[in-house]
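Below you'll find the structure, written out as structure tokens, and then a few comments.
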Amino acid sequence: MLIGYIILGSEAIMMYKIFPKLNHDTTKLIHLILHAIAIVLGAVGIYCAFKFHKESGIANLYSLHSWLGIGTISLYGIQWVFGFVAFFYPGADPHVRRGALPWHVLFGLLVYVLTLATAELGLLEKLTFLQNSGLDKYGAEAFLVNFTGLVVALFGAAVVTAAVAPATHVEEPEGYAPIPVN
């Protein structure tokens, strides 16, 4: 789920900033596919979590992580379906697209922040379980979980900041030009 929602979801969000000169339809398709892969990985993650809980005799949906996770995955799916219908196939009227785009971006960033919060809660929950079963609070595993949480938070903050930052056009130095993407 971390790979799907945080890494691939981040790449999908950043597609328009990373490759501003790439053909818009190509960028849109990559954005759509990366989010679709994230949803598939999320579904596999949910299946694995429920299967592990069943095999281990652990109750399902008892924690804030699970509640927020189910809600976030549902919102992620709704956002994907809306984006697919409005912007990809069959595509809404251009006037409707222009009006819907800012809301799609805003709601997408909200869902992304929810994925970050859910991931952080999942890391915290896992660390709590490990410490309750005897893990040293200052052991290597504890530092790994905490470091992963810190990286996720900083990475997410960087993605959100880059996504909302205004596009700037930087003049190339004399004699230099970017490599054309087409």
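Among the residues of the range 119-164, the ones that are closer than 30 Å to Trp103 by Cα and touching a residue at least 40 places away in the same chain (Cβ under 8 Å) come to 11 in all. Checking each residue of the range 85-96 against the condition of being outside any helix (DSSP H, G or I), free of Cβ contacts under 8 Å to residues at least 40 places away in the same chain and open to solvent by less than 80 Å² (accessible area, probe 1.4 Å) gives at least one match.
Annotation note: of Lys17, Lys28, Lys21, the sole residue that is under 20 Å from Ala162 (Cα atoms), modelled with pLDDT under 95 and exposed (fewer than 12 other Cβ atoms within 10 Å of the Cβ) is Lys21. The numbered conditions (1) in a helix (DSSP H, G or I); (2) under 30 Å from Pro180 (Cβ atoms); (3) charged (D, E, K, R) are all true for Lys21 except (1).
The values are calculated or read from the model by the stated rules, or taken from the named source; none is laboratory data. Remember, it's a predicted structure, so these values are computed and weren't measured experimentally. We place every Cβ from the backbone using ideal geometry, glycine too, and count neighbours over all the protein chains shown. All accessible areas refer to the heavy atoms of the entire protein, side chains included, with ligands and DNA or RNA removed. Shrake-Rupley method; radii C 1.70, N 1.55, O 1.52, S 1.80 Å.
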